[in-house]
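Peer 1: Sharing a structure with you now.
The values are calculated or read from the model by the stated rules, or taken from the named source; none is laboratory data. Note that the coordinates shown come from a computational prediction; the quantities given were computed from them, not determined experimentally. Glycine gets a Cβ as well: all are built from the backbone with ideal geometry, and neighbour counts include every protein chain shown.
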Amino acid sequence: MKSDERYEIRFSGSGGQGIITAAIVMADGVARFDNNHVCQTQSYGPEARGGKSKAEVVISGSPIDYPKALQVDLLLAMTQTSCDAYFFDLKSDGLLVVDGGLVTQLPTSRSVSIPFTQIARKETGRELVANMVALGAVGYLCGKVSLGGLEKALLSRVPKGTEEMNSKAFQAGIREAKKIDLSLLPRSVMDEWDDEY
């Protein structure tokens with residue numbers, strides 16, 4: 001990543017979907033395994049569980065002077081409500097990534113629809129790890145983080161005894177993202193695209 005380059009990811013959904021956890025793992029993966037600066041922030045809606053939830057990860061080759069996202073390069077929306085609420089900050093050439101089973105109204109053609117919740121249920125029997133399916137996809141599609149490092153960060157943070165389930169979910173997300181037509185992706189993502197898996 002160039003020293004003056006700033007890349008912003010916003011994770012969004014509803015409280016209880018593990019949005020904050022996914023963002024924390026992403027930031028941890030960048031901080032521990034990539035040679036970049038990173039900052040992570042988060043906020044909840046007033047309803048907490050079930051209300052809107054968002055978390056942001058800013059990645060930069062140089063020190064970060066402002067911690068929050070200003071112009072989002074990649075927006076993950078796990079619910080229609082979060083897509084509608086947070087889409088307005090997405091760059092014109094940014095990428096919208098949604099849970100295709102929960103988000104049906106897409107405000108841009110520059111979008112990727114993956115049924116994260118359905119994949120989690122199919123792969124592990126638990127919808128709870130849909131956030132880790134999404135993390136795998138986002139990690140792959142953004143091209144700004146080592147997928148191996150991201151998985152190590154994930155495994156170091158999940159509850160003991162759930163490592164295999166979370167790893168399976170994470171890798172399922174990467175597999176689904178690899179099926180996406182790369183011509184849909186922003187040029188910067190294609191330039192840094194990393195085929196680790």
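Peer 1: Is there any pair with a first residue in the range 153-164 that is closer than 11 Å to residue 135 by Cβ and a second that is of a type in the set (Lys, Arg) and in a helix (DSSP H, G or I) whose Cβ atoms are under 7 Å apart and which are 6 or more apart or on different chains, and what are they?
Peer 2: Qualifying pairs under 7 Å: 153/32.
This table checks each residue for (1) within 28 Å of residue 109 (Cα to Cα); (2) in contact (Cβ under 8 Å) with a residue 60 or more places away in the chain.
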| residue | (1), (2) |
| --- | --- |
| 10 | yes, yes |
| 13 | yes, yes |
| 26 | yes, yes |
| 32 | no, yes |
| 58 | yes, no |
| 89 | yes, yes |
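Peer 1: Can you tell me which residue in the range 113-164 is farthest from residue 22 (Cα to Cα), limited to those that are hydroxyl-bearing (Ser, Thr, Tyr) and assigned to a helix (DSSP H, G or I)? Break it down stepwise before answering.
Peer 2: Going through the range 113-164, the residues hydroxyl-bearing (Ser, Thr, Tyr) turn out to be 113, 117, 124, 140, 146, 156, 162.
Those left that are additionally assigned to a helix (DSSP H, G or I): 117, 124, 140, 156.
On the way: 117: 14, 124: 17, 140: 14, 156: 13 Å.
Across the range 113-164, the extreme among qualifying residues is 124.
Peer 1: Quickly run through the range 1-58 and pick out the residues that are at pLDDT 90 or above and of a type in the set (Gly, Ala, Ser).
Peer 2: 12, 13, 14, 18, 22, 23, 27, 29, 31, 55
Peer 1: Checking the condition surrounded by fewer than 17 Cβ atoms within 10 Å (Cβ to Cβ), out of contact with any His (no Cβ under 6 Å at 6 or more places or on another chain) and over 20 Å from residue 180 (Cβ atoms), which residue from 92, 62 passes? Don't jump to the end; show me each part of the working.
Peer 2: Values: 92 fails: over 20 Å from residue 180 (Cβ atoms).
None of the others qualify; the one that does is 62.
Peer 1: What's the number of the condition residue 180 fails, among (1) of a type in the set (A, V, I, L, M, F, W, C); (2) part of a helix (DSSP H, G or I); (3) farther than 22 Å from residue 14 by Cα?
Peer 2: It fails just one condition, (2).
Peer 1: Given the criterion closer than 19 Å to residue 130 by Cβ and surrounded by 21 or more Cβ atoms within 10 Å (Cβ to Cβ), identify the matching residue among 69, 55. Quick ask: steps written out before the conclusion?
Peer 2: On the way: 69 fails: closer than 19 Å to residue 130 by Cβ.
Being closer than 19 Å to residue 130 by Cβ and surrounded by 21 or more Cβ atoms within 10 Å (Cβ to Cβ) holds for just one of 69, 55, which is 55.
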